[in-house]
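Single-structure report; data block below.
The values are calculated or read from the model by the stated rules, or taken from the named source; none is laboratory data. Not measured: the values here are computed from a predicted model. FYI the Cβ positions are ideal-geometry reconstructions off the backbone, even for glycines, and counts take in every protein chain you see. Side chains are part of the model used for accessible areas, which takes the heavy atoms of the whole protein and leaves out ligands, DNA and RNA. Shrake-Rupley method; radii C 1.70, N 1.55, O 1.52, S 1.80 Å.
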Amino acid sequence: MKNFSVAIDGPAGAGKSTIAKIIAEKLNIIYIDTGAMYRAFTLKLVKNNIDFNDIKTIKNTLRDTTIDFKNNHIFLDGIIVDEEIRTNEISSKVSLVAKIKEVREKLVEIQRDIAKNKSIIMDGRDIGTSVLPNAEFKFFITASVEERASRRYKELIDKGISIDFDKLKNDIIKRDRIDSTRSIAPLKKSEDAIEVDTTNKNINEVIELILDKMKMEG
Ligand code: C5P
């Protein structure tokens, strides 16, 4: 069968990565979490105390940085950073780093390179609009902000992490605002993407719906 790409975009906490991971397993294709890449680079800047306005140092740092995926782990300069990139600190700073032109250029280049000559599913904010505009399948996954915050809250509580619900919700709203108003490749539904509102749907219903649409389109 010919190689194909699936683009999954949408706001923070809509369940994109959970959905993309399951679909990748079902279809036996590669899954790329582009948000993890922006988080990994943010982690590097934070660890090295680099100011997000210091473009010269950021450019040099980009040159010295490798970010890649192996066996569903994300590697920053050869080291697994799966856990470190998920802290509140990184979540609250990543959108400020993701709006920097030089950062996007480098990470998009890596993303397109990974997508070359294979079937993949990639999730993010600008996959359908910018990274893979020719993707065979495009989905825009949404849910009400209340629902997205509740899901994330439950996830954290289940992990034994306590957090204030309103703060969590406000952080999500803030991140979406920065992501959708930035000048380069903002969070936006691609015109040819199918929108899936997951507010009152469970994960299996969403997966079924997406696989069904892919059959119809393919
Ligand atoms: O998907 P996740 O919530 O982990 O993404 C973290 C952040 O990375 C987003 O809020 C956004 O600022 C940035 N991002 C992006 N473009 C992508 C994926 C993520 O700007 N394709």
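Using R₀ = 25 Å, calculate the FRET efficiency as 1/(1 + (r/R₀)^6) where r is the Cβ-Cβ separation of Asn71 and Asn3; round to 0.05.
Computed FRET efficiency for Asn71 and Asn3 comes out at 0.75.
Could you do me a favour and compute the accessible area per residue for the range 5-199, 1.4 Å probe, result in Å²?
Counting only protein heavy atoms, the per-residue value for the range 5-199 is 50 Å².
Cα centroids of the range 119-196 and the range 26-53: how far apart, whole angstrom?
Taking the Cα centre of each part, the range 119-196 and the range 26-53 sit 15 Å apart.
Just check the chain against the gyration tensor rule for me: Cα atoms, a ≥ b ≥ c as the square roots of the eigenvalues, rounded for a/c under 1.5, and otherwise prolate or oblate depending on whether a/b exceeds b/c.
Oblate.
Under the 0.36 nm per residue contour assumption, what length would be gained going from the current alpha-carbon distance of Ser162 and Thr18 to full extension?
49.7 nm
Please list, or write none, the lysines whose alpha carbon is within less than 19 Å of the alpha carbon of Lys154, excluding same-chain residues fewer than 8 places away.
Partners within reach: Lys16, Lys167, Lys169, Lys201.
Mind checking which lysines have their C-alpha under 21 Å from Lys56, skipping anything on the same chain fewer than 8 residues away?
Output for Lys56: Lys44, Lys47, Lys93, Lys99, Lys101, Lys106.
What shape does the range 1-86 have by the C-alpha gyration tensor, where a ≥ b ≥ c are the square roots of the eigenvalues, rounded means a/c under 1.5, and otherwise prolate means a/b greater than b/c and oblate the rest?
It is prolate, given that a/c is not under 1.5 and a/b is the larger ratio.
Dipole magnitude of the chain about its Cα centre, charges +1 at Lys/Arg Cβ and -1 at Asp/Glu Cβ only, in debye to the nearest 20?
Using Cβ point charges on Lys, Arg, Asp and Glu, the chain gives about 380 debye.
In whole Hz, what ³J(HN,Hα) sequence does the range 44-58 give by Karplus (6.51, -1.76, 1.60; θ = phi - 60°), x for Gly and Pro?
Computed from phi, the couplings for the range 44-58 are 5, 5, 5, 4, 9, 6, 8, 5, 5, 9, 8, 4, 4, 5, 5 Hz.
Once amide H atoms are built 1.01 Å from N in the peptide plane, which residues 5 or more positions from Ala143, or in another chain, come under 5 Å H to H?
Thr198
Count the DSSP beta bridges whose two residues both fall in the range 5-199, then state the antiparallel fraction as a percent rounded to the nearest 5.
So the antiparallel bridges amount to about 25 percent of the total.
Accessible area of the range 5-199 with a 1.4 Å probe: how many percent of it is carbon plus sulfur?
Within the range 5-199, the accessible surface is 48 percent carbon and sulfur.
Separation between the Asn28 and Lys59 pseudo-spin-labels, each 7 Å from Cα along Cα→Cβ, expressed in nm?
4.6
Please give the peptides 48-60, 162-174, 185-197 ranked by average Cβ packing (other Cβ atoms within 10 Å per residue), highest first, as a rough proxy for protection.
Final packing ranking: 185-197, 162-174, 48-60.
Based on Cβ point charges of +1 for Lys and Arg and -1 for Asp and Glu, what charge dipole magnitude is obtained for the range 57-128 about its Cα centre, in debye rounded to the nearest 20?
320
How long is the gain from Glu109 to Ser150 if the chain were fully straight, where each residue apart is worth 0.36 nm and the alpha carbon distance is subtracted?
11.3 nm
Calculate one ³J(HN,Hα) per residue across the range 7-18 by plugging θ = phi - 60° into the Karplus curve 6.51 cos²θ - 1.76 cosθ + 1.60, and present them in order as whole Hz with x for glycine and proline.
9, 10, 10, x, x, 4, x, 7, x, 4, 6, 4
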